[in-house]
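Working notes, beginning with the structure itself.
The values are calculated or read from the model by the stated rules, or taken from the named source; none is laboratory data. Given the structure is predicted, the values throughout are model-derived calculations rather than measurements. Cβ placement follows ideal geometry from the backbone for every residue including glycine, while neighbour counts extend to all protein chains displayed.
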Amino acid sequence: MSDAHAHVHEAIIPWTQYAQELCDPKRVHEKPEALDDLRVLDCSSGNFAALFTSSILAEFGAEAIRIEPPAGDVARLFTPEGLKHKDTGLGYLVEARNKRHITLDLHQEEGRLLLARLARHMDVVIESELPGQMDAWGIGYRQLSILNPRLIYLAFSTNGQFGPRAAERMPDYDVTSQALSGVPYVSGEPEGQGPAESAAPTKQGNWIAWYVGGGFGALSVLAALAWRWQSGRGQFIDLTPAEAEMRLSDAGVIWYHVAQRIQERVGGLHIQVFPYTLIKTKDSYSFIAGFSDVNFQGLTNIMGHPELREPFATTKDRILKARQLHQELEKWSGELSSQEILERVQDYMLNKRGPGTVATARLNRPQDTLAESHWWDRGVFQKVDDPDYGELLLQAPPWKMSATPPRIKWACRPVGADNQFVYLRYLGLGGEDLKALRAKRVI
Amino acid sequence: MGDASLKAYFDWTRELFDRAKIFDKPEALRGIRVLELTTLVLGPTTADFLGEFGAEVVKVELPPGGDTMRYVTPEATYWKNASMGFFPENHSKYHVGIDLHSDDGKSLFKQLAAKSDIMVENFRAGTLDKWGIGYRQMREVNPRLIYVADSGFGQWGPFSQGRASYDAVAQTVSGMIGITGFPGRPPILCGIFIGDWFGGLMAATAALVALHHRNRTGEGQLIDFAQSEGLIRTLDWTWLRLGLTGRDRGPAGNRDAALVPAEIFPCRDGYVAICAARDGEFQGLCAAMGEAALAKDSKYATLEARQKPENMKTLLERIRGWAAKQARQEIEAAAVKHGFAAARVATAKDKHDDDHLRARGSVWEYEDPLYGKMMEQGPAPKLSETPARIKWAAKPVGWHNHDVFTRLLGLSPREIKGLEERKVVGHWADRNGARPPAEWDGGTRI
C-alpha cells in the first residue's frame, strides 16, 4: 500500500531508527508532494505574512506564482542595514523558495485584466492591499469568484476586512501587529529593573507576528481546501497577523474576564509556572524548569539542595516567591557552566536517579544553534545551491513526514524571471505580446 | 478609491462575515475526527486549531489528574475549580479518561484510533511505541490514520533522547531568546508560550496537508514535528545572514533593523508601535510630527538611506522625542490621517473591551452550560463560507466518557460501569483543575 514504508524493515527495530528511516530528509526528493495539484497566485506587497503562507504551500508542492510590480516587490528591500545579495534583501531570499516570479502592474487597467485572467486558472489568490483596494480595482474576491467559483481568496491586513476599524487605512507591519496582539505588554523587564529604555514592553526580535499570521494563512487555506473537496466551492478568508498572534496569548482575556487581572512583565520569570526561568551560569545563561511538585523535587535533587523543598512546597509558593527562589537557583548555577548543568540534568533523567522531569537548555545565540549536529542531522538547515543566487544557508521546512515531505527546490528568482513561461503557459502570450506589454510597462 | 465604493465594499463584507450568522454556516472539517492524547500546550493547540474548523476532537486524559495544564494557571489561582490556563487551547472537545497503562485501556484507545482520521500525541520520542499504541501499531489498526507526533526535539536525532522539553526550551535552543530583548541586559522569556502555540499551528497545518494527500490517495502518514524546529523557521533572515557574512545576530531591543523606522516607543499614557517603512508612509509620519523637511533630507528620504545604522539611530531618537509628548490615541489618529502604521501595545483589558475585536469574534463571548458567560481569544482566521467557531469550554477529566464510549464504541452503561470499577476508565480527581465547579448540578454533561 505504501511506498514510504517499503524500504523500512518491518522487524522490530528501535523506534528512533524506524522514525528516522521513515522520514529521512535525504530521501525527500524520492517521495510525492501533497499539494502538487494546487496553484497559488501571491500578489501581496511588502508583507511577510503573505510570503510565509505561499512559502508553506510551495514547500508542500503547490505551484506558487509571485506577482511583483515591474520594479520588484518592496519586500525585497526589507533587509537589515540595507544588506543585499545580488540586488535582493535577505528577508525576501528566505521566503521566495520554490516560487515562480512574474511582474504585473496592478495600477494599470491592462494589468488588472491580466490578473483576472490568471486567477481563472488558480486555486488560491493571496493579497495584502488595504481592505477594499482590490475590490475597487475590480479584482477582489467579489469579482474573481464570479469568474472562478472554486477560488480560495486570502487577504491579509492589520484590522481586517470588516468591523468598526476595518476602513482605517493602516499598512500591515510586524511591529504594529505584535503590539496589538498584546504579547509585548507581557514580555520584558518590569519597570524599575535596569535602565528605563529596556524596562519596557518588548517585542520578539524576529518577525513573529508576520510568521504567525502566515502560518494561520496556510492553515486556513488548507481548511478551505478541505471544504472545497466536499462542496466544490471556494471562499474568502480575512486574516490579520495581529489577531493571529493575539489568539496565542495564553490566559490573557479569560483572566481579565473572570478576575479583572492584567498580566504584567516579569522578565525571565513566569507567573503560571515556576521554576520555569532563565538563570545565570558561569559562562552564559540557561533555561531550567521543574515546576510541578514532583519535578521541583527532581530539580532540588539535582541541585543537591533538598532543604529548598520546604519553603517552596507548593506551586503557589514557588510562583509567589519566584524572585527569592530565582536567587537560590542562581546561587547554585553561578558555580557551573551551562554544559555542566545540562550534563547533571541528563544524568539524572537518563539514569533515573530520582523522581521528576527536569528540562534545561543553554541559551543559544544563533551561531551556537548552527554549530549543533542535531539540527543538521534532521535537515533543519540546508545549504541550497540556487541557479540564480548561488549557495544560500536557509532554514528548511520544519516538518518530517513519511509520505509527502515538504522540500526546497530553489531559493528565489530574479524579478520577472518567469514572465515568458507563466504568461505562455496560462494565457498563451508569446514573445510579441510580452514585448508590447513591456513597452507599456504593464509587465 | 471612492468613498462610495469603499462604503459598498464594507457593507458587503459586514454581511458576508457577520458574526451572528456563523452558526448558520457549515464547518470546513465536518466529519473529521481527531484523537488527542496530549498535555500542556503544544499538543492541545494542534487539536484545538482543527476543532475550531469543525473537527470532532476526542481528548484522552489519564484519570484522575488528567492534563498537567489543568494545574498551570496565572498565579496558581483557579476559577470555578478550573485552571484559566487550560481553557485557551481546549475548546469544544470531548473529554475522556482512560488509563493507558492497562491492556484494556490500550485496547479502548486503539478502538478509538480505528475510528479517527487524525491522532495527535506529544510524549517523549518512542514512549507510545513502547506502550504499544504508537504509529507502528496504529498504522496496522488504521492505515488511513494521520499520526502527528509533537515533541521538543523530534522523534530521532541526538537531542531526542533523555531531554525533556517545554515551550521555553524551544525558545532557548532555537536562538529566539538570543535575538530578543535589549543588548547588555539579562535575557527574557516571551510572555506567552510562543513555541507551543506556534508549534501547534505548524503541526495542525501539516495534518491538513496530509488530509489533502489522503483525499487523493487514501494513504495516512507519520508527521514528526519538533517545536524547536518550528521556532527556528520563524527567525527570518538570521540564518541567511550568518551563512553569507558569518555575522551572528544579537538582541536589538524594540527596533527593527530591516524596516526603518519601526520601533515601540513610550508615550504619555503607555507604549505605541510605529512603522513607516515605505517612503510615502515615512513622508506621512514626518508630516504628523510637523517635520516635513525630514522626509526630504537625503539621510532619511529613502528606505535604503534610513537603513544605514547611523541614520536609523538619529531618526529613531527624533521620533522617540515626538512620541513621548503624545497620547496613545493621538499617535493612532495621526497614523490613520497620514497613512503610516501605529498601534498601541495592547493590554488584556484593551483587548477584552474592544468593540472591533468583539464584532469580529476575535474576542469571543459565549455561554457555556457549565461555566456560564465566557470571554476568550476567538478563532483568528475569518472564513466566509465555513467560519471557525467555539462551541463550549474545556470540561473536567472524563466528562464525556459515557457519550463517547456509547456513541463511538457502542458500549452499554453496564460495560462502562465495569470498566470504571476496574479503573480502566475514570474521571476527575477531587481537586482544583480536574473537577467541576462547586455549583454543578450533578446532572448536566454537555
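Matching residues to (1) in contact with a His (Cβ under 8 Å, 6 or more places away or on another chain); (2) within 23 Å of residue B:348 (Cβ to Cβ); (3) outside the structural domain of residue A:39 (by TED's automatic domain parsing); (4) not in a helix (DSSP H, G or I):
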residue	(1), (2), (3), (4)
A:171	no, no, no, yes
A:188	no, yes, no, yes
A:191	no, yes, no, yes
A:195	no, no, no, yes
A:202	no, yes, no, yes
A:209	no, yes, no, no
A:223	no, no, no, no
A:233	no, no, no, yes
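Looking at the stretch A:140-168, which of its residues are closer than 29 Å to residue B:344 by Cβ and without any contact (Cβ under 8 Å) to a residue 24 or more places away in the chain? Please lay out each step first, then the result.
Going through the stretch A:140-168, the residues closer than 29 Å to residue B:344 by Cβ turn out to be A:154-168.
Once the filter is applied, which keeps residues that are closer than 29 Å to residue B:344 by Cβ and without any contact (Cβ under 8 Å) to a residue 24 or more places away in the chain, the stretch A:140-168 yields A:163, A:164, A:165, A:168.
Given the structure, is residue B:217 among the β-branched types (Val, Ile, Thr) and farther than 26 Å from residue B:251 by Cα? Spell out the reasoning first.
Details: among the β-branched types (Val, Ile, Thr): yes; farther than 26 Å from residue B:251 by Cα: yes.
So residue B:217 passes the test.
Pick from the stretch A:78-88 the residues that are surrounded by fewer than 23 Cβ atoms within 10 Å (Cβ to Cβ) and modelled with pLDDT of 95 or more: which of them is farthest from residue B:312 (Cα to Cα)?
To start, the set of residues in the stretch A:78-88 that are surrounded by fewer than 23 Cβ atoms within 10 Å (Cβ to Cβ) comprises A:80-87.
Checking the rest, the ones that are also modelled with pLDDT of 95 or more come to A:80-86.
On the way: A:80: 11, A:81: 9, A:82: 11, A:83: 14, A:84: 17, A:85: 21, A:86: 23 Å.
Top of the filtered list is A:86.
Surrounded by fewer than 24 Cβ atoms within 10 Å (Cβ to Cβ), farther than 25 Å from residue B:344 by Cβ and either in contact with an Asp or Glu (Cβ under 9 Å, 6 or more places away or on another chain) or among the hydrophobic types (A, V, I, L, M, F, W, C) (or both), is that true of residue B:243? Please lay out each step first, then the result.
Working: surrounded by fewer than 24 Cβ atoms within 10 Å (Cβ to Cβ): yes; farther than 25 Å from residue B:344 by Cβ: yes; either in contact with an Asp or Glu (Cβ under 9 Å, 6 or more places away or on another chain) or among the hydrophobic types (A, V, I, L, M, F, W, C) (or both): yes.
Taking the combined requirement at face value, the residue satisfies it.
Kindly check whether there is at least one residue in the stretch B:25-41 that is in a helix (DSSP H, G or I), crowded, with 18+ Cβ neighbours inside 10 Å and of a type outside the set (Asp, Glu). Step through it out loud before you land on a result.
Of the residues in the stretch B:25-41, the ones in a helix (DSSP H, G or I) are none.
No, the stretch B:25-41 contains no residue that is in a helix (DSSP H, G or I), crowded, with 18+ Cβ neighbours inside 10 Å and of a type outside the set (Asp, Glu).
I'd like to verify a number: residues in the stretch B:217-240 that are more than 24 Å from the chain's Cα centre (by Cα) and charged (D, E, K, R), how many?
Keep residues of the stretch B:217-240 that are more than 24 Å from the chain's Cα centre (by Cα), which gives B:217-220, B:239-240.
Adding the requirement that they be charged (D, E, K, R) leaves B:219.
Count: 1.
Taking the options A:254, A:262, A:271, name whichever one is modelled with pLDDT of 95 or more, closer than 18 Å to residue B:347 by Cβ and in a loop (DSSP other than H, G, I, E, B).
Values: A:254 fails: in a loop (DSSP other than H, G, I, E, B); A:271 fails: modelled with pLDDT of 95 or more.
Among A:254, A:262, A:271, only A:262 is modelled with pLDDT of 95 or more, closer than 18 Å to residue B:347 by Cβ and in a loop (DSSP other than H, G, I, E, B).
Looking at the stretch B:349-366, which of its residues are of a type in the set (Asp, Glu) and either buried (at least 18 other Cβ atoms within 10 Å of the Cβ) or more than 7 Å from chain A (Cβ to nearest Cβ) (or both)?
Restricting attention to the stretch B:349-366, the residues satisfying the condition of being of a type in the set (Asp, Glu) are B:350, B:353-355, B:365.
Correct list: B:350, B:353, B:354, B:365.
Looking at B:249, B:255, can you tell me which residue is in contact with a Leu (Cβ under 9 Å, 6 or more places away or on another chain), part of a loop (DSSP other than H, G, I, E, B), at the interface with chain A (Cβ under 7 Å from one of its Cβ atoms) and in contact (Cβ under 8 Å) with a residue 24 or more places away in the chain? Let's see the steps before the verdict.
Working: B:255 fails: at the interface with chain A (Cβ under 7 Å from one of its Cβ atoms).
One residue alone meets the criteria, B:249.
Considering each residue of the stretch A:365-421, count those that are among the basic types (Lys, Arg) and more than 7 Å from chain B (Cβ to nearest Cβ), and give that number. Please lay out each step first, then the result.
If we filter the stretch A:365-421 for residues that are among the basic types (Lys, Arg), which is where we start, we get A:365, A:378, A:383, A:400, A:407, A:409, A:413.
Then drop every residue that is not more than 7 Å from chain B (Cβ to nearest Cβ), which leaves A:383, A:407, A:409, A:413.
So the count comes out to 4.
Considering only the stretch B:379-399, I want to know if a residue exists there that is within 14 Å of another protein chain (Cβ to nearest Cβ), outside any loop (DSSP other than H, G, I, E, B) and either crowded, with 17+ Cβ neighbours inside 10 Å or more than 29 Å from the chain's Cα centre (by Cα) (or both).
Looking for residues that are within 14 Å of another protein chain (Cβ to nearest Cβ), outside any loop (DSSP other than H, G, I, E, B) and either crowded, with 17+ Cβ neighbours inside 10 Å or more than 29 Å from the chain's Cα centre (by Cα) (or both), one finds at least one in the stretch B:379-399, hence yes.
What's the total number of residues in the stretch B:137-184 that are within 13 Å of residue A:360 (Cα to Cα), of a type in the set (D, E, K, R) and either at the interface with chain A (Cβ under 8 Å from one of its Cβ atoms) or surrounded by fewer than 24 Cβ atoms within 10 Å (Cβ to Cβ) (or both)?
Total meeting the criteria: 1.
Inside the stretch A:63-83, can you point out the residues that are more than 9 Å from chain B (Cβ to nearest Cβ) and either among the hydroxyl-bearing types (Ser, Thr, Tyr) or not in a helix (DSSP H, G or I) (or both)? Please lay out each step first, then the result.
So in the stretch A:63-83, the residues more than 9 Å from chain B (Cβ to nearest Cβ) come out as A:63-73, A:75-76.
If the condition is that a residue be more than 9 Å from chain B (Cβ to nearest Cβ) and either among the hydroxyl-bearing types (Ser, Thr, Tyr) or not in a helix (DSSP H, G or I) (or both), then A:63, A:64, A:65, A:66, A:67, A:68, A:69, A:70, A:71, A:72, A:73 are the ones that fit.
Is one or more of the residues making up the stretch B:253-276 over 26 Å from residue B:185 (Cβ atoms) and charged (D, E, K, R)?
First, pick out the residues of the stretch B:253-276 that are over 26 Å from residue B:185 (Cβ atoms): B:276.
When the remaining residues are screened for being charged (D, E, K, R), the result is none.
Checking the stretch B:253-276: not a single residue is over 26 Å from residue B:185 (Cβ atoms) and charged (D, E, K, R).
Which residue out of B:222, B:211 is over 23 Å from residue A:366 (Cα atoms), part of a helix (DSSP H, G or I) and either modelled with pLDDT of 95 or more or more than 7 Å from every other protein chain (Cβ to nearest Cβ) (or both)? Outline the logic, then answer.
Working: B:222 fails: part of a helix (DSSP H, G or I).
Every option except B:211 fails the conditions.
Would you call residue B:87 more than 14 Å from every other protein chain (Cβ to nearest Cβ) and touching a residue at least 60 places away in the same chain (Cβ under 8 Å)? Can you show your working first?
On the way: more than 14 Å from every other protein chain (Cβ to nearest Cβ): no; touching a residue at least 60 places away in the same chain (Cβ under 8 Å): yes.
The answer is no for residue B:87.
Does the stretch A:323-338 contain any residue that is under 29 Å from residue A:21 (Cβ atoms) and either among the acidic types (Asp, Glu) or outside any strand (DSSP E or B) (or both)?
Step one: filter the stretch A:323-338 for residues under 29 Å from residue A:21 (Cβ atoms), giving none.
Within the stretch A:323-338 (the criterion being under 29 Å from residue A:21 (Cβ atoms) and either among the acidic types (Asp, Glu) or outside any strand (DSSP E or B) (or both)), the answer is no, since none of the residues qualifies.
Considering every residue within the stretch A:100-107, establish whether at least one is more than 14 Å from chain B (Cβ to nearest Cβ) and either under 18 Å from residue A:214 (Cβ atoms) or among the basic types (Lys, Arg) (or both). So that I can check it myself, show each step before the final result.
Let us first name the residues in the stretch A:100-107 that are more than 14 Å from chain B (Cβ to nearest Cβ), namely A:100-105.
Next, from what is left, pick out any that are either under 18 Å from residue A:214 (Cβ atoms) or among the basic types (Lys, Arg) (or both): A:100.
Within the stretch A:100-107, one or more residues are more than 14 Å from chain B (Cβ to nearest Cβ) and either under 18 Å from residue A:214 (Cβ atoms) or among the basic types (Lys, Arg) (or both).
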